[in-house]
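K.L.:
One structure coming up, written as structure tokens, with questions to follow.
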Amino acid sequence: MLGEACCFTILYVLLCLIVIFPPDEIAGMGLTVEKLLASFLGSEIMNFVQYHQRRTTATVLVHSLLIPGYLLWMRQTQPGVYSWMFHLPTFAIGTTVLLFLSPVLVALCLALWWHHNNWSQHPLSKSLTHFLDERQASHPHSWLALATEINIQYRRVDKLSTQISSTSQLVAIDSWLIQVNSYQVCVLPLEDTLVVLEGAINNTLDTRPFSAGGSAQILKLRARCVSKNVPDLSFRLSSTLMSELERKLVIPVLNSGQVVVQKSLADQFLEVFLKTVSENPPYLEKPNERREEACIGCMSAPSNVKLDRRCRVLGVERPAEGGGEAQCVACSCRPMWCVTCLSKWFAARQDQARPETWLSSRAPCPTCRSLFCLLDVRLMMQEAPAATH
Ligand SMILES: [Zn+2]
Ligand SMILES: [Zn+2]
Ligand SMILES: [Zn+2]
């Protein structure tokens, strides 16, 4: 009987581990705290901060139930052991039940304390108050202003959000770096955050091709707040996402371990795209036509490319691969994109399994859908103003 009870105990421990660290298969079936309590937690995309305050509280409560759950499990699977236990003296039974229930009571008190006063006691609200100046921090709800800023930025499509382990997620939005864990959410303001690249692990187990999202390198990173005394965030990130993270950072990454970072396919293509395009003659813009318009893709870089069908004039027009009809078509759109966004647009419309064909392929213009090739992409350049005497 004792052997059997041990087996069922081990089985219960394994079940608990699956609940605490859900593998992808379980998460895919929707058997996680977040998915099961989705209607109570609300929308992550609309209210990121409030969603995670509720989610961390619910996770603490659900995980604390696993301990008394063991008593129920034994009652269902081992009635012999269970009834033996109830022949013990009342004092022993009372102490055992209290011991098993105490984590739930502690979790319940913690949840009530966190929820008290509109979540102002939750660790996430507390950590947000660290980044307010002293005068603002004295007001109990001042963290809500930063929470609103995070919620708004999280809704944007250009955020970086990636799963870094089965229970933790890294999010980089316009002005915050956020690490989401089961029981806590850590935030750092990007303008004061220094990310240190401490090392890399070459991942020989990931056999997916590089072009299919496989990564040969995992980077070990540590994010540190340079202005406030708050704990560092340490996390691992695939090298293919490094450039995306770097685009969000204000302070450049400190490569303390002199690590050679393997570039993603999109970054490697951007380099080749830039080199090829810069060999085309630039499109001269007259000084009076000068417009300072931001790229409509990234809203930050100036729009600096013009699609101008040159391949036909040059007589190098190639038939489409596979004998298709596709040929470049003249595009009369005004310049609205930067070269980086156009390169990403071009790469996204190619056969991802055959990167060797990309340079000789075509993509539709992002605005009017006319096909263009790399020869048709011209960088804008301002014509020198005529010398006046
Ligand atoms: Zn752009
Ligand atoms: Zn066009
Ligand atoms: Zn062309």
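K.L.:
Can you name the residue in region 357-381 that is within 19 Å of LEU314 (Cα to Cα) and out of contact with any strand residue (DSSP E or B) (no Cβ under 8 Å at 6 or more places or on another chain) and, of all such residues, is nearest to ligand 2 (Cβ to nearest atom)?
P.N.:
Step by step, filter region 357-381, then rank; the result is CYS373.
K.L.:
Being closer than 25 Å to LEU128 by Cα and in contact with an Asp or Glu (Cβ under 9 Å, 6 or more places away or on another chain), is that true of even one residue in region 32-41?
P.N.:
Yes.
K.L.:
So which residues in region 138-184 are in a strand (DSSP E or B) and not aliphatic (A, V, I, L, M)?
P.N.:
Matches in region 138-184: SER161, THR162, GLN163, GLN169, TRP176, GLN179.
K.L.:
Go through (1) under 30 Å from LYS248 (Cβ atoms); (2) surrounded by fewer than 17 Cβ atoms within 10 Å (Cβ to Cβ) for ALA147 and report which single condition fails.
P.N.:
The one condition ALA147 does not meet is (2).
K.L.:
On to the next question. Can you name every residue in region 190-202 that is surrounded by fewer than 19 Cβ atoms within 10 Å (Cβ to Cβ) and outside any helix (DSSP H, G or I)?
P.N.:
Within region 190-202, the subset surrounded by fewer than 19 Cβ atoms within 10 Å (Cβ to Cβ) is 190-192, 194, 196, 198-199, 201-202.
Scanning region 190-202 gives LEU194, VAL196, GLU198, GLY199, ILE201, ASN202.
K.L.:
Looking at (1) in contact with an Asp or Glu (Cβ under 7 Å, 6 or more places away or on another chain); (2) away from ligand 2 (no atom under 16 Å from the Cβ), find the lone condition where LEU270 falls short.
P.N.:
(1)
K.L.:
Of the residues that make up region 113-123, is at least one within 26 Å of VAL19 (Cβ to Cβ), over 30 Å from the mean Cα position of the chain (by Cα) and surrounded by 13 or more Cβ atoms within 10 Å (Cβ to Cβ)?
P.N.:
Looking through region 113-123, none of the residues is within 26 Å of VAL19 (Cβ to Cβ), over 30 Å from the mean Cα position of the chain (by Cα) and surrounded by 13 or more Cβ atoms within 10 Å (Cβ to Cβ).
K.L.:
Picking from LEU265, LEU254, LEU245, which residue would you name as being touching a helix residue (DSSP H, G or I) at 6+ places or on another chain (Cβ under 8 Å) and on the phi < 0 side of the Ramachandran plot?
P.N.:
On the way: LEU254 fails: touching a helix residue (DSSP H, G or I) at 6+ places or on another chain (Cβ under 8 Å); LEU245 fails: touching a helix residue (DSSP H, G or I) at 6+ places or on another chain (Cβ under 8 Å).
Testing whether each residue is touching a helix residue (DSSP H, G or I) at 6+ places or on another chain (Cβ under 8 Å) and on the phi < 0 side of the Ramachandran plot leaves just LEU265.
Yes/no matrix, rows are residues, columns are (1) touching a Gly at 6+ places or on another chain (Cβ under 6 Å); (2) modelled with pLDDT of 85 or more; (3) under 26 Å from PHE100 (Cα atoms):
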position	(1), (2), (3)
MET29	no, yes, no
SER43	no, yes, no
MET46	no, yes, no
THR56	no, yes, yes
HIS63	no, yes, yes
PRO68	no, yes, yes
LEU71	no, yes, yes
GLN78	no, no, yes
MET85	no, no, yes
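K.L.:
Another question, if that's okay. So VAL305 passes all but one of these: (1) within 14 Å of ligand 1 (Cβ to nearest atom); (2) of a type in the set (Val, Ile, Thr); (3) surrounded by fewer than 16 Cβ atoms within 10 Å (Cβ to Cβ). Which condition number does it fail?
P.N.:
It is condition (3) that VAL305 fails.
K.L.:
For the structure I just gave you, tell me whether ALA353 is more than 16 Å from ligand 2 (Cβ to nearest atom), of a type outside the set (S, T, N, Q) and modelled with pLDDT of 85 or more.
P.N.:
Spelling it out, it is not the case that ALA353 is more than 16 Å from ligand 2 (Cβ to nearest atom), of a type outside the set (S, T, N, Q) and modelled with pLDDT of 85 or more.
Residue by residue, here is whether (1) part of a strand (DSSP E or B); (2) charged (D, E, K, R); (3) within 14 Å of ligand 1 (Cβ to nearest atom) holds:
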position	(1), (2), (3)
VAL260	no, no, no
GLN268	no, no, no
LYS275	no, yes, no
ILE296	no, no, yes
VAL313	no, no, no
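The values are calculated or read from the model by the stated rules, or taken from the named source; none is laboratory data. Here the structure is a predicted model, which means the values were calculated and not measured. Cβ sites come from the backbone with ideal geometry, for glycine too, and all protein chains shown count toward neighbours.
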